[in-house]
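Below you'll find the structure I mean.
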Amino acid sequence: MKFIDSTNFVKLIKKLTAEGELYYPFLDEETGSYHLKRASGFPLEEDFELGGYRAVEPSKGVAQHARVTVAEYPSENPDEITNPDNIIPSVVLGAKGCDVNAMKMVDKVQVEGEFTDPLYKIRRDKMFVVAADCDDCKESCFCTLLGRKPWPEDGYDLAVSKISGGYLIEAGSERGEKVLAENGKLTSEAREQQIKARDEKRQKVLARLKENNSQFPDLTGMPEKLREAINDEIWKELAKDCVECGACTNICPTCYCFLLYDRKMDGDYFRRLSNWDSCQLTGYARMAGMLNPRASLVDRVKHRFYHKYDYLVSSHDDIFCTGCGRCIDACSASIDIRDVLARIEQKVTG
């Protein structure tokens with residue numbers, strides 16, 4: 001474990017981003033929310049903030065862009081778009097534990113499965129993640145209900161914990177170890193008192209999370225309970241409230257679905273685009289001949305819960321929810337996923 005003061009930390013980040021882009025969290029004083037921002041240069045603006053809780057925007061957007069060109073035709077060089085030399089490296093600074101866990105989950109689908117998304121893989125390979133502890137939480141945060149922690153445990157290159165005068169910093173990958181080794185003059189050995197201060201901050205956040213979620217059940221056993229509630233009336237009740245805006249899926253760090261479509265450009269030139277899609281929208285599952293296996297909103301609302309808490313558990317051995325609470329904050333109908341799952345728990349267990 002190392003300590004790096006605030007001045008040297010900025011120097012380190014500047015070195016890391018010498019040939020790429022930097023995304024960092026900033027605090028919007030007006031709304032009190034944190035946002036992910038692309039740096040325009042150094043020094044970083046005064047609103048730079050590594051404490052607090054997760055940003056509104058999920059870090060996955062750096063690897064899986066909301067809209068991106070995936071092909072152009074006719075083309076004399078069809079592989080140019082997926083040429084790694086054309087993809088700029090990135091540093092994601094301040095990713096919280098929920099976002100680091102989410103990117104690991106999306107990797108299982110986009111990189112480690114039967115098929116690989118080449119653009120996503122290149123961006124992930126060229127992404128350097130500097131994760132950070134949460135030293136606060138929102139009312140909507142519930143990572144602990146899923147057995148997760150409000151600090152990064154793995155899946156990062158470097159992880160920092162904000163303490164007085166700077167940060168505790170540790171490596172989580174070979175790339176991270178190399179960076180620390182090459183910049184040893186910027187760091188010093190962490191003192192026992194500094195580590196103790198970090199641990200005390202972590203316990204305070206854990207206690208607050210426990211208090212905020214005291215009325216909700218542990219969610220680690222939810223897949224089995226959901227299977228017993230597949231025909232429950234609760235899904236019809238939820239569908240009455242849902243406005244089908246798709247905000248919950250677009251803001252979710254573990255949602256990865258996309259739509260491919262062609263756009264005619266000048267003359268006989270076409271561009272194929274990929275953009276985020278949502279299983280909550282009517283046209284998402286529509287097939288040729290206008291057939292739609294999930295034409296009703298009830299089925300689509302239900303699908304979102306079962307996809308994250310059941311189907312992906314079976315296929316990828318993990319609940320694809322990190323407890324970040326973004327869907328709760330974004331929902332126009334004020335649907336709280338914790339409340340829905342608590343109602344399922346109550347109905348199944350009595």
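Every residue in segment 95-128 that is of a type in the set (Asp, Glu) and in contact (Cβ under 8 Å) with a residue 24 or more places away in the chain, please.
Correct list: 99, 117, 125.
If you take the residues in segment 3-20 that are under 16 Å from residue 126 (Cβ atoms) and of a type in the set (A, V, I, L, M, F, W, C), which one is modelled with the highest pLDDT?
16
Among the residues that make up segment 182-202, is at least one of them without any contact (Cβ under 8 Å) to a residue 60 or more places away in the chain, touching a Lys or Arg at 6+ places or on another chain (Cβ under 9 Å), more than 30 Å from residue 145 (Cα to Cα) and surrounded by fewer than 17 Cβ atoms within 10 Å (Cβ to Cβ)?
Yes, segment 182-202 contains a residue that is without any contact (Cβ under 8 Å) to a residue 60 or more places away in the chain, touching a Lys or Arg at 6+ places or on another chain (Cβ under 9 Å), more than 30 Å from residue 145 (Cα to Cα) and surrounded by fewer than 17 Cβ atoms within 10 Å (Cβ to Cβ).
Moving on to the next point. Take residue 324 and tell me if it is closer than 16 Å to residue 106 by Cα, under 22 Å from the mean Cα position of the chain (by Cα) and not in a helix (DSSP H, G or I).
Yes: the conditions hold for residue 324.
Working carefully through the options 153, 139, 174, find the one that is over 30 Å from residue 221 (Cα atoms) and among the acidic types (Asp, Glu).
174
State whether one or more residues within segment 292-304 are exposed (fewer than 15 other Cβ atoms within 10 Å of the Cβ), outside the structural domain of residue 104 (by TED's automatic domain parsing) and of a type in the set (Val, Ile, Thr).
Within segment 292-304, not a single residue is exposed (fewer than 15 other Cβ atoms within 10 Å of the Cβ), outside the structural domain of residue 104 (by TED's automatic domain parsing) and of a type in the set (Val, Ile, Thr).
Would you check which residues across segment 176-190 are within 11 Å of residue 3 (Cα to Cα), touching a helix residue (DSSP H, G or I) at 6+ places or on another chain (Cβ under 8 Å) and of a type outside the set (A, V, I, L, M) and list them?
Result: 187, single match.
Considering every residue within segment 164-175, establish whether at least one is out of contact with any helix residue (DSSP H, G or I) (no Cβ under 7 Å at 6 or more places or on another chain), without any contact (Cβ under 8 Å) to a residue 24 or more places away in the chain and farther than 29 Å from residue 328 by Cβ.
Within segment 164-175 (the criterion being out of contact with any helix residue (DSSP H, G or I) (no Cβ under 7 Å at 6 or more places or on another chain), without any contact (Cβ under 8 Å) to a residue 24 or more places away in the chain and farther than 29 Å from residue 328 by Cβ), the answer is yes, since at least one residue qualifies.
Residue 32 - would you say it is surrounded by 13 or more Cβ atoms within 10 Å (Cβ to Cβ), small (Gly, Ala, Ser) and either within 27 Å of residue 248 (Cβ to Cβ) or modelled with pLDDT of 95 or more (or both)?
The answer is no for residue 32.
The values are calculated or read from the model by the stated rules, or taken from the named source; none is laboratory data. The shown structure was predicted, so the numbers you read here are calculated from the model rather than taken from an experiment. Don't worry about glycine lacking a Cβ; one is built from the backbone with ideal geometry, like all the others, and counts go over all protein chains shown.
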